[in-house]
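What follows is a single structure, written as structure tokens, with notes after it.
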Amino acid sequence: METASATEAGGFGWQGVREVLGENLLSVILPVYNLGSTVEGNLDAVADCFDAGGFRYELVPVDDGSGDGTADALRRIAARRPDIVRPVLLAKNAGKGNALKVGFHASRGEYVLLLDGDLDIAPRQLPGFFASMRRHKSDIVVGSKRHPESVVQYPWHRRLASIVYFGMVRLLIGLPVTDTQTGMKLFRRRFLGEALDRMLVKTYAFDLELLAIAYGRGAAISEAPVEIKFGSKFGALHPRTVHDMMKDTLAVFYRLRLLHYYAKVEVPPPLEKLPLVSVVIACPASSWMLEECLHALDGQTYRNFEVIVLPDGDIGSSKRSFRLSVVPTGKIRPAEKRNIGIKAAKGDIVAFIDDDAYPEARWLENAVKYFSEPSIGGVGGPGITPPGDGFMAQAGGRVYANPFVSGNYRYRYVGGRVRLDVDDYPSCNLLVRTEILRKIGGYRTDFWPGEDTLLCEAIVLGEHKRIVYDPWVVVCHHRRRLFGPHLRQLGRYGFHRGYFVKRFPATSCRASYFVPTLFVFGVVGGAAAFLFPANPAVMAVRRAYAGVMGFYAAVTFISAFSRNPFMWIATWLGVVASHLWYGVKFVQGLCATRAPCEYIGRDHASG
């Protein structure tokens, strides 16, 4: 027989829950992953428990891309309990934080309970949370394993880890709680929504960042005791998990205490109406990647959009859940294709995406909200490497994401960066107001690549509109394989950036673009010292050169770290090759009187 919690025994119970809630709805968000065999029973248990409580509630389970039948189980229970269970089914796994955020936007209650779907914490403990909320007049109640009334069967090594992590959190973040990671938390909706609008972490330190933001915005936080039985979730601490948790925690500290990011980050006002978005895809022909992109668009949470595909020739059209137009263009440049798409667009916003990329489910939803702010003309987000790419393509993606390759522009390839205004962004993930695109005449068609640099310059400097980067506006962008395809693409980028330094210096004449070229000069110049006869001066130069190159090799080698030694080596060699090749091509572009694309009439984007 289950025993009541200490708070229930004190007389609060379900009557107290009803008194606090009144006529308000309680939304219960339950992230679930690969719980196909148990999730129906777990949701039935929650429903039976809360039915006995006699208050209004809804259950919002969020399947985070499970592959074991969890989605089917959620559909079954939703059919049996349609007035209570409102599932959200995500096509791909994106982390608990993302699942909770999606669940929140699907929920309706004035009070929101976050509850792990495996029910390690029994829902009958809810009265203790409402009791704490009323007693302490708090806005958030956190279940704490370290509360003096908690009953927790907890392995010693996890207890030790919890103590160490708690000390770190108190030192760095200053939260007035003893536990941030227990999977049951109660929120007043306003404070949860304000925190979620400002969050960046999707995985391990999600709970910490959520509470840190809410506390910084004035939320009163209290704790409630919990009863937890030992389960498999308290098993071994994997080194990768510890590493990622510490990295995310330090990132939260950096944004909170040093950048003061959460206090300054922009949250746009609500949209008065949902604008129509025209998604424009320039491509040479039909391919499995194009089908992948269209399939992902089928799964968008934002539904007011059309898609315009611009292939060289007719590719037919398949039945979709959205309006799909296929406009054959002939073999012309991507910029020319996109301009045709702009003319055909019926939407208030044009969303550009490449055919070798596919969007996450909330791509449009996360981007469109910014267009409620009149000063914003465009929105972009990261193009991360898809997890299913092959070994050498993954290595190519890791090279682009390396801090010594992309430097200050690494946010283009890695999620989780901070929001910021940008003045140059690639068209593989860029949304722009249609009226602005038509006013500036769309893309210039005499450059490829580089046309998106000039488009952004026209938006920011010509029309005086902002382009906002948001790390939640995510697409997965397939990468060129190391080494040949990757270096050919990078070489085109290097040449045009060097050429643009002279022609369009406003956004291209920046010190960071010159660094690879300086590196090439250093390599060549230092190596030349070995051609001269040895004397003290030459030997000093040789020693200095060897020291600098040794330091360079060490830091780039460390930056390329991977648990897979073959990936580690491939990435490191890719970083070095990228520095050399980009530096060489940049000099060529800097010295060129005109770019090849200005006199090659039909250079296609493929390859």
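Where a number appears in this text, it was derived from the coordinates with a stated rule and is not lab data. All values reported here derive from a predicted model rather than from experimental measurement. Cβ placement follows ideal geometry from the backbone for every residue including glycine, while neighbour counts extend to all protein chains displayed.
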Between a first residue in segment 238-255 that is basic (Lys, Arg) and a second residue that is surrounded by 13 or more Cβ atoms within 10 Å (Cβ to Cβ), which pairs have beta carbons less than 7 Å apart while being 6 or more apart in sequence or on different chains?
Arg255/Tyr261; Arg255/Tyr262; Arg255/Val418
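Among Tyr411, Tyr493, Tyr425, which is within 18 Å of the chain's Cα centre (by Cα), among the hydroxyl-bearing types (Ser, Thr, Tyr) and surrounded by fewer than 22 Cβ atoms within 10 Å (Cβ to Cβ)?
Working: Tyr493 fails: within 18 Å of the chain's Cα centre (by Cα); Tyr425 fails: surrounded by fewer than 22 Cβ atoms within 10 Å (Cβ to Cβ).
Residue meeting the stated conditions: Tyr411.
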Working carefully through the options Ala73, Ala122, find the one that is of a type in the set (Gly, Ala, Ser), free of Cβ contacts under 8 Å to residues at least 40 places away in the same chain and touching a helix residue (DSSP H, G or I) at 6+ places or on another chain (Cβ under 9 Å).
Ala73
Filter segment 176-232 for residues that are in contact (Cβ under 8 Å) with a residue 60 or more places away in the chain, among the basic types (Lys, Arg) and under 22 Å from Val418 (Cα atoms) and give the result.
Arg198, Lys202
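Considering only segment 284-342, state which residues are aromatic (Phe, Trp, Tyr) and surrounded by 13 or more Cβ atoms within 10 Å (Cβ to Cβ). Reasoning before the result, please.
Restricting attention to segment 284-342, the residues satisfying the condition of being aromatic (Phe, Trp, Tyr) are 288, 302, 305, 322.
Those that are aromatic (Phe, Trp, Tyr) and surrounded by 13 or more Cβ atoms within 10 Å (Cβ to Cβ): Tyr302, Phe305, Phe322.
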I'd like to verify a number: residues in segment 381-405 that are more than 18 Å from the chain's Cα centre (by Cα), closer than 29 Å to Leu518 by Cα and surrounded by fewer than 21 Cβ atoms within 10 Å (Cβ to Cβ), how many?
3
Complete set of residues in segment 25-54 that are surrounded by fewer than 23 Cβ atoms within 10 Å (Cβ to Cβ), out of contact with any Lys or Arg (no Cβ under 7 Å at 6 or more places or on another chain) and not in a helix (DSSP H, G or I)
Tyr33, Asn34, Gly36, Ser37, Thr38
Just a yes or no: is a residue in segment 550-557 surrounded by 12 or more Cβ atoms within 10 Å (Cβ to Cβ) and farther than 16 Å from Ser578 by Cβ?
no
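Taking segment 179-204 only, how many residues are acidic (Asp, Glu) and within 20 Å of Ile121 (Cβ to Cβ)?
First, pick out the residues of segment 179-204 that are acidic (Asp, Glu): 179, 194, 197.
After this cut, where a residue has to be within 20 Å of Ile121 (Cβ to Cβ) as well, the list is 179.
Total meeting the criteria: 1.
Quickly run through segment 522-535 and pick out the residues that are of a type outside the set (A, V, I, L, M) and either free of Cβ contacts under 8 Å to residues at least 12 places away in the same chain or surrounded by 18 or more Cβ atoms within 10 Å (Cβ to Cβ) (or both). Reasoning before the result, please.
Quick first cut of segment 522-535, residues of a type outside the set (A, V, I, L, M) only: 522, 525-526, 530, 532-533, 535.
Those that are of a type outside the set (A, V, I, L, M) and either free of Cβ contacts under 8 Å to residues at least 12 places away in the same chain or surrounded by 18 or more Cβ atoms within 10 Å (Cβ to Cβ) (or both): Gly525, Phe532, Pro533, Asn535.
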Taking segment 175-202 and keeping only residues that are within 15 Å of Ala220 (Cα to Cα), hydrophobic (A, V, I, L, M, F, W, C) and assigned to a helix (DSSP H, G or I), one is left with Phe191, Leu192, Ala195
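What helices (runs of 4 or more DSSP H), lying completely within segment 55-174, carry at least 1 residues that are farther than 26 Å from Gly36 by Cβ and within 29 Å of the chain's Cα centre (by Cα)? Steps first, please.
Details: elements: 70-80, 96-106, 126-136, 156-172.
Of the helices (runs of 4 or more DSSP H) lying wholly inside segment 55-174, those with at least 1 residues that are farther than 26 Å from Gly36 by Cβ and within 29 Å of the chain's Cα centre (by Cα) span 156-172.
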